[in-house]
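Everything on this sheet refers to the single structure shown next.
The values are calculated or read from the model by the stated rules, or taken from the named source; none is laboratory data. As the structure is a prediction and not an experimental result, all values here were calculated from the model. We place every Cβ from the backbone using ideal geometry, glycine too, and count neighbours over all the protein chains shown. Areas reflect the complete protein model, heavy atoms only, side chains present, ligands, DNA and RNA absent. Shrake-Rupley method; radii C 1.70, N 1.55, O 1.52, S 1.80 Å.
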Amino acid sequence: MSHIPFKKCVKDFLATFLLACAIFYPLMGFVLNGFELEIKPYRPLVPALSMAVIRTFFLYGLQPFLQNQWQKSGAQRVEKKEKTALLAIVILIATICFTLMVPFLFSNYWLNVGILCLIYILLALGLNIVVGYAGLLDLGFVGFYAVGAYTFGILSSYTGLGFWSVLPLAALVAAGFGILLGFPVLRMHGDYLAIVTLGFGEIIRLILNNWTELTGGPNGMRIPPLTFFGIEFTRRSKYGGPLFHELFSLEYSSATRFQLLYLVILAFTCLVAYISWRLPKIAIGRSLLALREDEIACRSLGINHVGTKLMAFASGASIAGVAGVFFGAQQRFINPTSFTFFESALILAIVVLGGLGSTVGVIIAAVVMTALPELLRDFSEYRVLLFGLLMVIMMIAKPQGLVRQKYSQYTFE
Amino acid sequence: MNAFDLYIIGQQLINGLVLGATYGLIAIGYSMVYGIIGMINFAHGEIYMVSAYVTALVIALIAYFGGLPVGAAIMIALLFTMLITAILGWLIERVAYRPLKNSFRLAPLISAIGVSLILQNFIQLAQGARNQAMPTLLEGVLRIGGEEQFMQISYHQLLILVAALVSMLSLNTLIGKTKFGRSCRATQQDPVMAEILGINTQKVISLVFVIGAVFAAIAGTFVTMNYGSFDFYIGFVTGIKAFTAAVLGGIGSLPGAMLGGLLVGIAESFFSGFVNTDYKDVFAFGILVLILIIKPSGLLGHPEVEKV
């Protein structure tokens, strides 16, 4: 390795430090407190200094080192196909065994974290179909999630339908909303599409927030407790029917309901993951990928671009709708604050982090992004900051995500 | 229609104009950036939010170290806010967008969403999540009409209108008459050719971000002085409404941005005055969605042709 240009290094360090101070001092050194002002002269020094150190280290330490490494190893990349396939099967079986055992091994708290993980996996897989495969940036994805949850809330409080009958209905209603949004935006591309979907998602949330007669507005809606096809999980029967723990002669436990919910969501997630993994290999998925790459060429080759894009929108939306129902069943209370734009951005961050179009990557990212904040409770204030940083850094350093999606290639012989 | 109704309509028109002027000022940033590099600077609304905080901090700081005349305090606050946001705008472009020039199409937008989350959370951490307030600097209103029927415009609102007018005129001169303006227009028309002819397009892009940030800061300063209340979340909704304005006027067109801003502001003011206040944001987002679907090129823009 060549020697480090010391003078330049110091110059860059000072420049970064001064710039960081220019931003951090006014905004962190003085804190507004009503009309009063608190002056904290040492607070901005820590982030400014660390920023300067990180940048200098990156420019003069890490970057040359990585370039050296890359030059050394770049030429020899050997495919190890059989081994990885076997390894993948082993990992898959281990994961399935572990996830099946989660409800019976962990406390109620971690079980609920597990349910939340699965819900976010579902959402991320749904968004992955729209953003990853179809290349349509949807910033209002949380709208469909809200539609699913509120379909559950409204149907159960006005018609008395339960979880199981709402599940397919919510999927249908959300898919309907997906098509409703999909039709007008078919002509659009990239940025404009993103903004329209953003507006759509916000409109849904604002209507839910303001239509107090139907949705209860900011006060939210209550969701009835989950039943096992009408059999209650409570300790004592509310409606006089048989109870779950009596019927199966089990000890009563408050966790039973969540265990069942977890297993139902797990089954559904596995189904969606399988579909999402198969999608790039079947005809309609391949036309989706092709449309993403070049729409004009596809249309001239006779691919039905309207149907294909609508399919992507509708399936993504219905997955989000089902996730909304699961969310309602877990929380037993929904209100519009759960469906803000931040939620959309979070799901997008998961998809981006995992790798656009990569099923495995998206699942890993969803688990990491949902479970990590629970593990790092003390740093929960910095969660959003971290997500934002991750989005920017991923776009710059590794835009293909943690797990790069490989598409099958075809050659003529 | 009697005179009373006319005064109410006139009052809503004034409110709408003031609101629209701020949307127009912020829309300039969206429009110029989109015109030059074809990306939506999603973090632009957050720059407006940061400028509100900087303004309140400077005013509080001036009060802390002993008062200055009101006019001087406002000028210092404005200049300082412009300086800070200019640095911020430059920095964001340098760090988050410039490395993505040759990346895939959605990359800059995703990165911009990341920047917007960072700025929101940073302000929340640094200044606290509570709603902030700031004292009124200029008391008094200008009143037109009689004792019972009148319309009024406060000095703060008047300041917003004057600031919008002055900055729009100076921007028009900057873009239309100077060398920088010429290279700016050249870069907008054909970045590759401009580069070949010796224009430092990277510098132009940087400066466009700085100009956008400075305009957002002008809006942020005067709106904060007018409203006196803000929080770390104001950038999102205001940003989207300003973007609506930019699209309505025809994105990439500067008079269009101001026109769109005024139209959106007046429409919103009339809607919340005569129809329903709860749904005024729904109305604004509805306009946005409708324009983008029906006429994405806007009022003064050029329709975009899809190229192979």
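Give the share of C-alpha pairs in each 10 angstrom bin for the stretch B:139-250, from 0 to the last occupied bin, in whole percents, shortest bins first.
Taking every Cα pair in the stretch B:139-250, the percentages come to 11, 30, 30, 18, 7, 3, 0.
Of all beta bridges DSSP finds with both residues in chain A, what is the antiparallel percent, to the nearest 5? Let's see the in-between values first.
Values: 7 of 8 bridges.
The antiparallel proportion sits near 90 percent.
Would you work out which of B:Met225, B:Ile240, A:Phe57 lies farthest towards the positive end of the dipole of the protein assembly as shown, given +1 charges on the beta-carbon of Lys and Arg and -1 on that of Asp and Glu, about the Cα centre?
A:Phe57
What are the semi-axes of the equivalent ellipsoid of the protein assembly as shown, taken as the square roots of 5 times the eigenvalues of the Cα gyration tensor, listed largest first and rounded to whole Å?
The equivalent ellipsoid of the protein assembly as shown has semi-axes of 43, 34, 27 Å.
Can you compute the FRET efficiency between A:Val46 and B:Ala129 using 1/(1 + (r/R0)^6), with r the Cβ-Cβ distance and R0 = 25 Å? Round to the nearest 0.05.
0.75
About the Cα centre, and with charges only on the beta carbon of Lys, Arg (+1) and Asp, Glu (-1), how big is the dipole of the protein assembly as shown? Nearest 20 debye, please.
On the way: 45 positive and 34 negative charges, 424 e Å.
Using only the charged Cβ atoms, the result is roughly 2040 debye.
Rg/Rh for the stretch A:133-230: what does it come to with C-alpha atoms and Rh from Kirkwood?
Over the Cα atoms of the stretch A:133-230, Rg/Rh equals 1.04.
In Å², nearest 100, what accessible area do chains B and A bury in total when the solvent probe is 1.4 Å?
What B and A bury together is about 5600 Å².
Taking 37 °C and 0.692 mPa s as the conditions, I'd like the Stokes-Einstein D for chain A in µm²/s, using the Kirkwood hydrodynamic radius from alpha carbon pairs.
135 µm²/s
Give the Kirkwood hydrodynamic radius (Å, one decimal) of the stretch A:287-413, defined as one over the mean of 1/r across all pairs of different Cα atoms.
Kirkwood hydrodynamic radius for the stretch A:287-413: 17.2 Å.
Kindly express, to the nearest 10 degrees and within the range 0 to 90, the angle between helix B:201-227's C-alpha long axis and the longest C-alpha principal axis of chain B.
10 degrees
Going by amide H atoms built from the backbone, whose H comes under 5 Å of the H on B:Gln132, apart from near neighbours?
Result for B:Gln132 returns B:Phe230, B:Asp231.
If the chain between A:Ser157 and A:Arg299 were fully stretched, how many nm would it gain, using 0.36 nm times the residue separation less the Cα-Cα distance?
Taking A:Ser157 through A:Arg299 to full extension adds about 46.5 nm, to one decimal.
Suppose the Debye formula is applied to equal point scatterers at every Cα of chain B; what is log10 I(q)/I(0) at q = 0.09 Å⁻¹?
-0.46
Mind putting a number on the dipole of the stretch B:196-308 about its Cα centre? Charges go on the C-beta only, +1 for Lys and Arg and -1 for Asp and Glu, and I need it in Debye to the nearest 20.
Dipole size: approximately 280 debye.
Give me the tail of P(r) for the stretch B:1-131 as a percent: Cα-Cα pairs with distance above 22 Å. Before the final figure, lay out each step's value.
Details: 4492 of 8515 pairs.
In whole percent, the share of Cα-Cα pairs in the stretch B:1-131 beyond 22 Å is 53.
Taking each pair of different alpha-carbon atoms in the stretch B:146-186 once, compute 1/r for the pair, average those values, and report the inverse of that mean as the Kirkwood hydrodynamic radius in Å to one decimal.
12.6 Å
Once the Cα gyration tensor of the stretch B:168-308 is diagonalised, what are the square roots of 5 times its eigenvalues, in whole Å and ordered largest first, as equivalent ellipsoid semi-axes?
Taking √(5λ) for each eigenvalue gives 31, 20, 12 Å, largest first.
Once the convex hull of the alpha carbons of the stretch A:6-66 is built, what does its volume come to per residue, in cubic angstrom?
69 Å³
Please report the net charge: other residues with Cβ closer than 14 Å to the Cβ of B:Pro99, K and R +1, D and E -1.
+4
At a 1.4 Å probe radius, carbon and sulfur cover how many percent of the accessible area of the stretch B:1-157?
Using a 1.4 Å probe with all protein chains present, the stretch B:1-157 comes out at 63 percent carbon and sulfur.
Cβ under 15 Å from B:Ser183's Cβ, B:Ser183 left aside: what net charge do those residues give with Lys, Arg +1 and Asp, Glu -1?
Summing Lys and Arg as +1 and Asp and Glu as -1 gives +3.
Any chance you could give the angle, 0 to 90 degrees and rounded to 10, that helix A:341-354 forms with the longest Cα principal axis of chain A?
70 degrees
For A:Ile195, what charge total do you get from the other residues with a beta carbon under 13 Å from its beta carbon, if Lys and Arg give +1 and Asp and Glu give -1?
Neighbour charge sum, excluding A:Ile195 itself: -2.
To the nearest 20 debye, what is the magnitude of the charge dipole of chain B about its Cα centre, counting +1 on the Cβ of each Lys and Arg and -1 on the Cβ of each Asp and Glu?
Once rounded to the nearest 20, the dipole reads 1000 debye.
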